[in-house]
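Read through the structure below, which is laid out as structure tokens, and then see the notes.
The values are calculated or read from the model by the stated rules, or taken from the named source; none is laboratory data. Since this is a predicted model, take the numbers as computed values, not measurements. Methodologically, a virtual Cβ is constructed for each residue, glycine included, from the backbone with ideal geometry; neighbour enumeration extends over all protein chains shown.
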Amino acid sequence: MKSNSLNIVERVTAPTPKWFKIIRTIGITLTAVGGAILTAPVALPTTIVTVAGYVLLGGTVATAIAQTAMQTEDNEPKDKQDPE
């Protein structure tokens, strides 16, 4: 798979390396926490709401970047490479 000729859909659906799967999971969690705080039905201090907005933004960016990272032939897992 040549990474220079991929469009965004092919890149997002390509296999993701393990490290970026972990980052993606952390990003999704941060996004969920930030969204839950922002939509809480109680009045929260302005500082907490502001921090929740930044957590939501950070989680969204981390998830998007981690999802577009793709596994190439150069960084295949050791168990999938041919023995030399």
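Against the numbered list (1) modelled with pLDDT under 95; (2) touching a helix residue (DSSP H, G or I) at 6+ places or on another chain (Cβ under 6 Å), L30 comes up short only at (1).
Residue count for the range 24-75 satisfying the condition of being among the polar types (S, T, N, Q) and under 14 Å from the mean Cα position of the chain (by Cα): 7.
Scan the range 45-69 for residues that are under 16 Å from T13 (Cβ atoms) and not in a helix (DSSP H, G or I) and the total you get is 1. Of all residues in the range 19-54, those satisfying the criterion of being surrounded by 19 or more Cβ atoms within 10 Å (Cβ to Cβ) and over 24 Å from N7 (Cα atoms) are L30, T31, G34, A52. Look at (1) surrounded by fewer than 13 Cβ atoms within 10 Å (Cβ to Cβ); (2) at pLDDT 95 or above; (3) not polar (S, T, N, Q) and you find that D74 fails only one, number (2).
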